[in-house]
Amino acid sequence: MHEDTAFINAYKEASPESQAYNEYRLYTATPPYGLQKIYGLIKKIKADEDGNEALAAKTYNSLSFREKFTYNMIHPEAYSQNCDAMPPIQDEQKKIFAQLPDAFGEIDWSDRQRKFFIDNRDSVMNVMKQSISRTRRVGLNYKLVIADINAKEMIPFLVTTYNLEKKDHDILTVLMLIMKDNNYQPFLSSASYKKLYGEDGSYEAYLNFNKANEELIIKRATDFYNGISK
């Protein structure tokens, strides 16, 4: 009861601009490969006693690589109890967050789905790049996979995609997560890192979105990429 009261007291409706950007951030990509077939298979899945909704191993293994890619991107199999609801974020469009938002609510990728992304890392990156080039958008599901598989090779592509509209600040978040996960010292020693990921950092931590922070993140990520590609 106390937690519910605290949530109600903390609740404040976000501005229309903030709500619109929240919806923009939560866009997920729907790959076209075997899509109608995959939709048909998903409809037949029944949840197990733990709430997981997974294709039978025989059916899953019979899918082609691209069909598995589509299935995994649009249908996480594992039930995962989520945290309590959070009040709306204020001025979301003016922030560069430390972490990506949750894409699927109380479900997440299963172990075999994460293994697919890792085992087929190069092919997964190539298919994501093809999809992103068509739509000019990086879906939240793609961003999460890019961060999970440490797709540092995609940095120039991500920067180019970001520069198309300079609107999707979560691409900047992905760049920072890649630098963090690769222990890139110029980033780890920065004030930005301490604010976002240091002892006082939190899931809600953010940098103000402005030209200086935007350019600094891109420069650091580009310098990191140039260092590893030599």
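Kirkwood radius, the chain, all distinct C-alpha pairs, inverse of mean reciprocal distance: 19.2 Å. Pairs exceeding 26 Å between alpha-carbon atoms, taken from Lys180/Lys219; Lys44/Lys143; Lys12/Lys166: Lys44/Lys143; Lys12/Lys166. Please give me the summed charge of the neighbours of Ile171: other residues whose Cβ is under 13 Å from its Cβ, Lys and Arg +1, Asp and Glu -1. Summing Lys and Arg as +1 and Asp and Glu as -1 gives +2.
In terms of overall dimensions, the range 61-139 has a Cα radius of gyration and Dmax of 15.3, 46 angstrom. Considering only Gly139, His75, Asn226, and ranking their Cα positions along the charge dipole of the range 15-228 that arises from unit charges at the beta-carbon of Lys, Arg, Asp and Glu, the one farthest toward the positive end is Asn226.
With the cut-off at under 20 Å, measuring from each backbone N in the range 23-64 to a point 7 Å along the Cα-to-Cβ line of Glu106 picks out 43, 45-55. Annotation: the residues Asp223, Asp170, sorted from fewest to most other C-beta atoms within 10 Å of their own C-beta, follow the order Asp223, Asp170.
Give, rounded to the nearest 20 debye, the magnitude of the charge dipole that the range 15-228 has about its Cα centre when Lys and Arg contribute +1 at Cβ and Asp and Glu contribute -1 at Cβ. Rounded to the nearest 20 debye, it is 920 debye.
Just to confirm my numbers, what's the Cα centroid distance between the range 17-83 and the range 182-230 in Å? Between the Cα centres of the range 17-83 and the range 182-230 lies a distance of 31 Å.
No lab work stands behind these numbers, since they all come straight from the coordinates. This structure is a prediction, so every number in the text was calculated from the model and none was measured. Because the Cβ atoms are built from the backbone with ideal geometry, glycine has one as well, and the counts that use them run over all protein chains shown.
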